[in-house]
Amino acid sequence: ALGFAMTSLASPEIGFRGNSMHIRMAGEVHVKLRNGGDHFVLSRPTISSHGLLGIGEPRVELTGMIEVRAVSGISQGMRAELRFGHDAELHEHSRAASPANGGSVKRFF
């Protein structure tokens, strides 16, 4: 048996802008770890496809942000933000260093 259970519901919101298409997957991913009982909720980034009409170089990229929140278990209260695209960075927030008390840790890639 796997050490986790995952459930997900996605509802695509599609935008076409001439030579590009953007798909935002509304909905959340729930991951529950079997050992320890941690339950994490993840949002989804936007998928962007460019060069559909042969103008420019064809490419697919992730844009936007994924937020990961621990909603139960020993990690409860922790969260992280992963940003994709031109402003790619990772923000980690813990109970001790939370946005509510002005603390956060940034790692740039």
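Could you work out how far apart the two model spin labels at residue 42 and residue 17 are, taking each label as a point 7 Å from the Cα in the direction of the beta carbon, and quote it in nm?
2.5 nm
Count the net charge of all other residues whose Cβ sits under 11 Å from the Cβ of residue 43, scoring Lys and Arg as +1 and Asp and Glu as -1. All intermediate terms of the calculation are to be shown ahead of the outcome.
Numbers: positive: 24, 44, 69, 79; negative: 28, 67, 81.
My count for the surroundings of residue 43 gives +1.
A short reminder: the numbers here are calculations on the coordinates, not readings from a lab. Fair warning: this is a prediction, and the values are worked out from it, not measured in the lab. Note that each Cβ is placed from the backbone with ideal geometry, even for glycine, and that neighbours are counted across all protein chains shown.
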